[in-house]
1. Tell me yes or no: at least one residue of the range 230-240 is in contact with a helix residue (DSSP H, G or I) (Cβ under 8 Å, 6 or more places away or on another chain), buried (at least 21 other Cβ atoms within 10 Å of the Cβ) and in a loop (DSSP other than H, G, I, E, B).
2. Can you tell me which condition residue 538 does not meet? The list is (1) surrounded by 15 or more Cβ atoms within 10 Å (Cβ to Cβ); (2) within 23 Å of residue 587 (Cβ to Cβ); (3) in contact with a strand residue (DSSP E or B) (Cβ under 7 Å, 6 or more places away or on another chain), and all the others hold.
3. Just one of 72, 114, 77 is at positive phi and touching a residue at least 60 places away in the same chain (Cβ under 8 Å); which is it?
4. Would you list the strands (runs of 3 or more DSSP E) that sit entirely within the range 91-193 and hold 3 or more residues that are within 33 Å of the chain's Cα centre (by Cα), buried (at least 20 other Cβ atoms within 10 Å of the Cβ) and modelled with pLDDT of 95 or more?
5. Determine, yes or no, whether residue 580 is assigned to a helix (DSSP H, G or I), over 13 Å from residue 479 (Cα atoms), touching a residue at least 12 places away in the same chain (Cβ under 8 Å) and touching a helix residue (DSSP H, G or I) at 6+ places or on another chain (Cβ under 9 Å).
6. With the checklist (1) in contact with a helix residue (DSSP H, G or I) (Cβ under 9 Å, 6 or more places away or on another chain); (2) farther than 30 Å from residue 412 by Cβ; (3) free of Cβ contacts under 8 Å to residues at least 60 places away in the same chain; (4) surrounded by 14 or more Cβ atoms within 10 Å (Cβ to Cβ) in hand, flag the one item residue 527 doesn't pass.
7. Sort out which residues of the range 654-672 are without any contact (Cβ under 8 Å) to a residue 60 or more places away in the chain and under 21 Å from residue 85 (Cα atoms), and write them in order of number.
8. Tell me, please, whether a residue that is outside any strand (DSSP E or B) and at pLDDT below 90 can be found in the range 623-637.
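The values are calculated or read from the model by the stated rules, or taken from the named source; none is laboratory data. Everything numeric here is computed off the predicted structure, so don't read it as measured data. Cβ placement follows ideal geometry from the backbone for every residue including glycine, while neighbour counts extend to all protein chains displayed.
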């Protein structure tokens, strides 16, 4: 079986806000094309794409899912992605596999938060976009007003390529030959002119021809080529209408996908990067869809299958792949054999004998596969796709095992869950001695915990993570401690005098601690200095006032005493530690708390609420702007005040707001906060003396 011609491939990714009907639309297209014999439903839990148990349980897509159909000699791959904000990372992760992003909008709800997010992200990634207005059968939906709103918010590059008929049970094509019928709004001729005027702008000769002879003078093939070019250059975003529930417009959408959606030969090639052994960028290049070239494929999804184990789902960008081929994965030095190759139809596997440029296929039972890795043909090559703009997991829950017998299972289970979800991480926080799971929101982590229990039998108790404060000193002070212990035979003796001072950050060259031996006359033999420093470093790790690590401290040991027989390293470790703690407690110690940069995006009506709320959290608004109906607020705020911000923002904006945050810097805590943290500290036997 020869490799399929890339011109007969289409890769369409459905994205948009939750509830827009992406999964049911994929179901309708599969049924209408003959790939499935019946229409499934979300309520019955029997759709092709929402096949997992947790998707059925929660009634929402929680991970990207793949299906395909063949029609008129064309193979169309559908990628259904979640619309919930907590799982938005799954949509971003699948973008490199898409030839076009179909942004699905609920006709009754209109433009929602994730509509804007995916439109902006796809544009930044140079991906052609189309807008699918779903649920046109709902008579409460003002479709004409929605089109006007789309053009207002996203520009006049958005133009309808078909129109709903007056009965809302079908659509009228405005770019093909069959343009008869009574549209619900607008008229066919006006809509056709909008499209032609939009696409001819990308080709000067076509524009000249149009201005001289009108639309009738244009060659259909030339218009199609200009259409494709306009899509690639983000100069055109087609709008089409459909009802996944009734099937209105579904056949027209199948035709549109085949005739107007770009093939792998017509889309912008993906940018790959070649790295050296140290991970530094050597060069960037675009992967042209050449079946005879060296293999280049990108793993955009990893999942676990109950029957075949670990699955790696990839888009082939260049070259050809067959079962039994040996390939290299990531920066691996040893070849890996591909034993099986198949396409996914929801949970089902369809074996293939060969795959080429544009194909989306899966492999199994290969331990080396991992999310975002590149599969290639040559050894000693470290390749990667241009980094993805994945949202950062900042919402955290501290976890403790209910049954400590599960410790041996916990690590491997977390590793498997992380492999499947690029926006889930585990963080072992040394400062708080906690294990923290981080995701994109409360529901995201709730699903993770459910999977941990159902798939791996591991239960955990959760609580809000402690803030990873740091301790420092703000003044100079001295400390002294004599450690003396006699219990028969040789004893322990060591005495240390030292000074502490704030470390000058500019002189420290990135260091957070400086130790100086300033003794004279042999008051402490040099061989005991490492022991004193070791004791001080123990105190640095354990903290002096609240149990958090210390930094920004300079220590100078200037005097002490020793005993020729009883002085030992252990004595000077303890003496150095206690002298240091005493000095720090006299040096006006301060707590530092982490601050984050936060960027909030929401409907502009909520800007005042957002800025006011951030001010109550000791946040400082750095910038705010309004673009159309959307506002963006950038601020810095203490992390401790934003622990539950995902839920608070959702409540404040009725689910329409989203945010990203990243660590910025540390600042001194207010006196009242420091007093509370210090008062709650239990040193647990601080009795080394």
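1. Scanning the range 230-240, I find at least one residue that is in contact with a helix residue (DSSP H, G or I) (Cβ under 8 Å, 6 or more places away or on another chain), buried (at least 21 other Cβ atoms within 10 Å of the Cβ) and in a loop (DSSP other than H, G, I, E, B), so the answer is yes.
2. Of the numbered conditions (1) surrounded by 15 or more Cβ atoms within 10 Å (Cβ to Cβ); (2) within 23 Å of residue 587 (Cβ to Cβ); (3) in contact with a strand residue (DSSP E or B) (Cβ under 7 Å, 6 or more places away or on another chain), the odd one out for residue 538 is (3).
3. On the way: 114 fails: at positive phi; 77 fails: at positive phi.
One residue alone meets the criteria, 72.
4. In the range 91-193, the matching strands (runs of 3 or more DSSP E) lie at 100-106, 129-134.
5. Values: assigned to a helix (DSSP H, G or I): yes; over 13 Å from residue 479 (Cα atoms): no; touching a residue at least 12 places away in the same chain (Cβ under 8 Å): yes; touching a helix residue (DSSP H, G or I) at 6+ places or on another chain (Cβ under 9 Å): yes.
Considered against the rule, which asks whether it is assigned to a helix (DSSP H, G or I), over 13 Å from residue 479 (Cα atoms), touching a residue at least 12 places away in the same chain (Cβ under 8 Å) and touching a helix residue (DSSP H, G or I) at 6+ places or on another chain (Cβ under 9 Å), residue 580 comes out as no.
6. That leaves (4) as the condition not met.
7. 654
8. Here is the first cut: in the range 623-637, the residues outside any strand (DSSP E or B) are 628-629.
Those still in the list that are at pLDDT below 90 too: 628-629.
Yes, there is a match, as at least one residue in the range 623-637 is outside any strand (DSSP E or B) and at pLDDT below 90.
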